[in-house]
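A short worksheet on the structure shown next.
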Amino acid sequence: MMNLPLKGLVVLEFSQYLAGPSAGLRFADLGARVIKIERPGTGDAGRKLAIKNLWVDDNSLLFHTINRNKESYTADLKNEADFNAVKKIIAKADVLIHNFRPGVMEKTGLGFEAVKLINPKIIYAVISGYGKEGPWKDKPGQDLLLQSITGLAYTTGNGPNGPVPFGISIADILCGAQLVQGILAALIRRQKKNTGALIEVSLMESLLDFQFELLTTYYTNHQQPQRSKVSNGQPLLSAPYGIYETTDGFIAIAMMEIAVLGKAIGCKALLAFEQEEAFSKRDMIKQVLADFLVTQNTQHWLSLLHNEGLWAMPVLDWEQMMQQEAYKVLSMEQKIVAATKEIITTRCPIRINGKILYTGNAAPQLGEHNEKITNDFAAAE
């Protein structure tokens, strides 16, 4: 078995739903011991958050996909004995993650200042919706709401249409990944200077950072980026960048010169445009291209474009993608067994020394590891 790089690291996850648990998942993938500290009786609210109403046991399929390879410890933090038991675990932990609203952990007696007294070297990591200050700090940090208020929904879809959100929880996953980056940086510093740290990220800041290209242009000229009316791909990019319909599907075309594209596919109408007009006449050029591409199938156009080394790919659904050798060779699927039911999910995308990281243990049942964790951490001073 591969010796994973974070083996021996103890991460406490006081988290629910997606953002915090996604960060914990990455630590578990990399070998850390990740312990979910959960409320007795209910636990992580994500246990009851079902995607497409799919369940594995008493827990949702979503919970199993994002909490595999972790342990569960239940504790009522209002109960003195449970609270003291959790303090013993904190004393031996390396990292504590939570994604509760500002002030919640402080009310339990486990805010950063209190935890630092228990374990001065701990990396205390916090995810919030909007930061710990400002008029929105207590509003729900939910992904769709964050996509909407940060302008992200106005980067997707064609100009005449309304805002279009991403089809995934992009804020949660991005924020979780950025929290992991911050924690790893703090762990490196702790190795050098023997000191803990407070790491803070928010869903709002993560989505603002995600849009750094667009926001930088707005800071410069104070003009809202305009989506293409036709085949919008990215509001800052000129024609032909976008997705176009063919007789049997769709084709994605990236950056390339208009004349080069016109010659490659035999579209004389495109040759009437100068390259300098690729942005100023973006919609006009895209409409000409859209009307031309819809006359042949996707493979016909791909053959012509690829022969010229131009950047284009088919638009695939998941069934089509999984038939591709390029997908199969990545071995992205892994099996886990939960409550006698086999689940196929994605693996950690990181390879170390050429090795794929598979972590096939199912998500824990609520409180499944209380006895083991109590015994392991009972000797904490």
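Some observations on this one:
- Across the range 194-223, the qualifying residues are those that are assigned by TED's automatic domain parsing to the domain that holds ALA171 and hydroxyl-bearing (Ser, Thr, Tyr), and the one among them that is surrounded by the most Cβ atoms within 10 Å (Cβ to Cβ) is SER202.
- Test: residue in the range 88-97 that is more than 20 Å from GLU368 (Cβ to Cβ), touching a residue at least 60 places away in the same chain (Cβ under 8 Å) and of a type in the set (Gly, Ala, Ser): yes
- Each residue in the range 42-56 was checked for being part of a loop (DSSP other than H, G, I, E, B) and over 12 Å from LEU366 (Cα atoms), and 7 of them qualify.
- VAL104 being free of Cβ contacts under 8 Å to residues at least 40 places away in the same chain and among the β-branched types (Val, Ile, Thr): yes
- Residue in the range 138-157 that is in a strand (DSSP E or B), surrounded by 14 or more Cβ atoms within 10 Å (Cβ to Cβ) and in contact (Cβ under 8 Å) with a residue 40 or more places away in the chain present: no
To keep it simple, each residue is scored yes or no on (1) on the phi < 0 side of the Ramachandran plot; (2) outside the structural domain of ILE356 (by TED's automatic domain parsing).
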position	(1), (2)
PRO5	yes, yes
PHE14	yes, no
TYR17	no, no
ARG26	yes, no
ASP29	yes, no
ALA32	yes, no
GLU38	yes, no
GLY41	no, no
GLY46	yes, no
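- Qualifying residue in the range 113-120 (condition: at positive phi and out of contact with any Asp or Glu (no Cβ under 8 Å at 6 or more places or on another chain)): no
- Residues in the range 114-131 that are part of a loop (DSSP other than H, G, I, E, B) and surrounded by fewer than 14 Cβ atoms within 10 Å (Cβ to Cβ): PRO120, LYS121.
- Residue, surrounded by the most Cβ atoms within 10 Å (Cβ to Cβ), within the range 244-267, restricted to residues that are of a type in the set (D, E, K, R) and closer than 14 Å to LYS286 by Cα: GLU245
- For the range 338-356, filtering for residues that are surrounded by 11 or more Cβ atoms within 10 Å (Cβ to Cβ) and under 18 Å from HIS64 (Cβ atoms) leaves 7.
- Lone qualifier among ASN99, ASN53 - being assigned by TED's automatic domain parsing to the domain that holds TRP136 and in contact with a Cys (Cβ under 9 Å, 6 or more places away or on another chain): ASN99
- With a requirement of 2 or more residues that are among the aliphatic types (A, V, I, L, M), under 26 Å from PRO235 (Cα atoms) and at pLDDT 95 or above, the helices (runs of 4 or more DSSP H) lying completely within the range 263-330 that satisfy it span 282-293, 298-307.
- Restricting attention to the range 5-41, the residues that are surrounded by 24 or more Cβ atoms within 10 Å (Cβ to Cβ) and acidic (Asp, Glu) total 1.
- Answer residue from the range 165-184, given it is in contact with a helix residue (DSSP H, G or I) (Cβ under 6 Å, 6 or more places away or on another chain) and assigned to a loop (DSSP other than H, G, I, E, B) and is farthest from ASN232 (Cα to Cα) among those: SER169
The values are calculated or read from the model by the stated rules, or taken from the named source; none is laboratory data. Since the structure is predicted, the reported quantities are computational estimates derived from the model, not experimental observations. Cβ sites come from the backbone with ideal geometry, for glycine too, and all protein chains shown count toward neighbours.
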